[in-house]
Amino acid sequence: MAPIALLEARGISKTFGKVRALHRVDFHINPQEIVGLVGDNGAGKSTLIKILTGVYPPDEGEIYFQGHRVHFSSPKDARALGIETVYQDLALIEQMSIARNFFLGSEIVRRLGILPLLDSRAMEATTEEVLRGLGITSLRSADEEVRVLSGGERQAIAIGRTLHFGAKLLILDEPTSALSIVETQKVLGYIQEAKRRGLSVIFITHNLYHVYPVADRIVVLEHGKKVGDLRKEEASLEDIVNMIAYGGTQA
Amino acid sequence: MTKSAEIKQVAPPARKRDLWRRALGAREVGVLIALVAVIGVFSVLNRNFLTVDTFGDILTQAAELGIAAVGVTFLMIAGEFDLSVGSNFAVAGVMLALLTTRLGWSPFLSIPLVLAAATSVGFLNGVITLGTRIPSFITTLGTMMFWRGIALAITGGWPIYVLGSSRMLDLLGGMAIYQTVRISALWWLIITLIFWLLLVRTPYGNWTFATGGKPEAARALGVPVGRVKLTNFALAGMLAGFAGFTQFGRMGSMSPVWGDGLPLEAIAAAVIGGTSLMGGAGTILGTVLGAITMASIRVGLIMVGAPSYWYTAFLGAVIVVAVILNVRLGEMMTWRR
């Protein structure tokens, strides 16, 4: 009855020295779903994500992508399947133009003999189209330097890049932690738009209030264990806040 | 529907402001102001300064520096330095002089061979720097001394003279192509155009900016950061060697002590022209204007009869003023937003 999960992890455990970072955690995300992964600092959110993206191997447990068992030996393997992670620093280069950032490493070129020349017009047009499609109204030209953009708009470049280059799963690490309320609202809008276009999103945050408005499901980690996994229809914001505050009594 | 209408209404004034912002924000404005000021001062002091002949002299003076500075600019944008370009310049010039005069080798063999050697010297700087993770400012300080020593050792410290003229020397730098403009200025122009194209119009140029701007981000997006740096070290070496050839061609002799001020002058030309010392930003046009500014000062001071020591003092002042202008204009650009 349930659809095949896009990504599923079963019984993931990970220990660093004497510290048990994760203990038998099950986690899954469906196609076109937004999952909020919440928990305090040290709850195991980053460790789980790093395992799902191939940064670390798990000590125990299995990972399935679209129903097939996968073993990631490096982040490249995960990326090849369409799992993109956007970290807080966003991998954007301030002094470069928006379009050049957008296409960095995957530039559009026209060949002049042996010389590959950048097709700036095509790169700028595509970037503007993707960003406007995500809902950025203030963009003047993709030829402008990234440093003129606000924090939220920078997130949009990272999200748009993922969308454009055909990823299936976007993992956002604390995308709103450094943003104002208005900027946070914008980013939530981009995330919903990305979902509407077929992407699944894992939204990692320690601030439940940021993810609750857009999430389909909230997964709560605490001390390396999953203490809650609730569809939004099943749980009010208050239930989840209580769950985080008092530890998982499964609401 | 209403949304797109709104955007259309806003667009025209934004475009107009864009033009202003772009004109003011262009990295070359600082150096352009410095150049105009320098030319202005010398034109007032000596009426002959503003002539075609003088401009030819300036271009000739600027060419060798300019050629080496193009490579240094690339490397600085990628976030690295090369202090050994002056020594590489001397070794290349001396080697070409030795091979073609003492050993009687053909220029067709010697030029590619020595150019390959100069490229390897640059490449080696890169290998040492990236392999040891020691800042290139230090590694190339070492290779600067090492290769200068080699140049002195193979010549015994004496310049190598070529008796009479040769076609090779003419083509490398000796020949005048228009009044006082030498062919070295043409080489400089060609090299500038090629490297400008490489920097602003190719993925490689994009990667160079990204490598110097934020290496971790570049790497995360699949840019081969190490290879980009290595290539730029090699290019800086190659252009330093070629600059040595033009000097040899222009003077008809090559001394192992020449080019000792070149590394810092090349960095100065780049920085006056708006290239960042931190990497990630810079333009070839800016460096060209920087080299012309420096050569104008040199030629201008000679024409007004100032003792040559003043060159260094004047240059120092211009560097500081140009960099202040660059920084201030950069800030203004951000405020305008």
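Only the coordinates and a few stated rules stand behind these numbers; no lab work does. Source: prediction; values computed, not measured. Here the Cβ is made from the backbone with ideal geometry for all residues, glycine too, and neighbour counts use every protein chain on show.
If you average the C-alpha positions of the range B:126-178 and of the range A:19-37 separately, how far apart do those two centres end up, in angstrom?
What the calculation gives is 60 Å, centre to centre.
Between A:S97, A:S106, A:S141, which gets the highest mean-square fluctuation from a Gaussian network model of chain A, Cα cutoff 10 Å?
Its mean-square fluctuation being the largest, the pick is A:S106.
State, to one decimal in nm, how far the label point of A:I181 lies from the label point of B:V41, with both points 7 Å from Cα in the Cβ direction.
So the label points at A:I181 and B:V41 sit 5.6 nm apart.
Just the Cα atoms of the protein assembly as shown: what Rg and Dmax do they give in Å?
Here Rg and the maximum Cα pair distance are 29.5, 97 Å.
What does the helix-only formula give at 222 nm for chain A: each DSSP H stretch with n ≥ 4 adding -39500 (n - 2.57), the total divided by the residues, and the result rounded to the nearest 500 deg cm²/dmol?
About -9000 deg cm²/dmol.
Just how far, in whole angstrom, is the range A:186-244 from the range B:66-114 if you go by their alpha carbon centroids?
61
Kindly express, to the nearest 10 degrees and within the range 0 to 90, the angle between helix B:52-77's C-alpha long axis and the longest C-alpha principal axis of chain B.
For helix B:52-77, the angle is close to 70 degrees.
Quick one: helix B:309-336 against the long Cα principal axis of chain B, what's the angle to the nearest 10°, folded into 0 to 90?
The helix B:309-336 is inclined about 20 degrees to chain B.
Let me confirm one metric for peptide A:141-151, namely the mean number of other chain beta-carbon atoms within 10 Å of its residues' beta-carbons. List each step's numbers first, then the result.
Values: counts 4, 0, 2, 5, 4, 1, 3, 5, 1, 0, 0.
Taking the mean over all residues of the peptide, I get 2.
Which value in deg cm²/dmol, rounded to the nearest 500, describes the helix-derived mean residue ellipticity at 222 nm for chain B, given -39,500 (n - 2.57) per DSSP H run of n ≥ 4 and division by the residue count? Provide the component values of the computation, followed by the final result.
Details: 13 runs with 248 residues, N = 337.
Only helices count here, giving -25000 deg cm²/dmol.
Using the Kirkwood radius built from alpha carbon pairs, what does the Stokes-Einstein equation give as D for the range B:186-337 at 20 °C and 1.002 mPa s, in µm² per second?
Details: Rh = 17.4 Å.
Translational diffusion coefficient: 123 µm²/s.
Return the whole-Å distance between the Cα centroid of the range A:77-144 and the Cα centroid of the range B:34-61.
About 44 Å separates the Cα centre of the range A:77-144 from the one of the range B:34-61.
Report the residue, chosen from B:R27, B:R133, B:R219, that carries the largest GNM mean-square fluctuation when chain B is represented by alpha-carbon nodes joined by springs under 10 Å.
So, out of B:R27, B:R133, B:R219, the one fluctuating most is B:R133.
Decide, for chain A, between rounded, prolate and oblate: order the square roots of the alpha carbon gyration tensor eigenvalues as a ≥ b ≥ c, take rounded if a/c falls under 1.5, and otherwise choose prolate if a/b is larger than b/c, else oblate.
Taking the square roots of the gyration eigenvalues as a ≥ b ≥ c, chain A is prolate.
Would you look at the GNM of chain B, springs on alpha carbons closer than 10 Å, and say which of B:S296, B:S253, B:S106 moves the most?
Checking each option, the largest mean-square fluctuation is seen for B:S106.
Going by a ≥ b ≥ c, the root eigenvalues of the Cα gyration tensor, does the range B:29-329 fall in the rounded group (a/c under 1.5), the prolate group (a/b larger than b/c) or the oblate group? All intermediate terms of the calculation are to be shown ahead of the outcome.
Details: a/c = 1.71, a/b = 1.06, b/c = 1.61.
It comes out oblate by the Cα gyration axes.
How far is helix A:237-246 tilted, in degrees, relative to the longest principal axis of the Cα atoms in chain A, given as a value from 0 to 90 rounded to the nearest 10?
60
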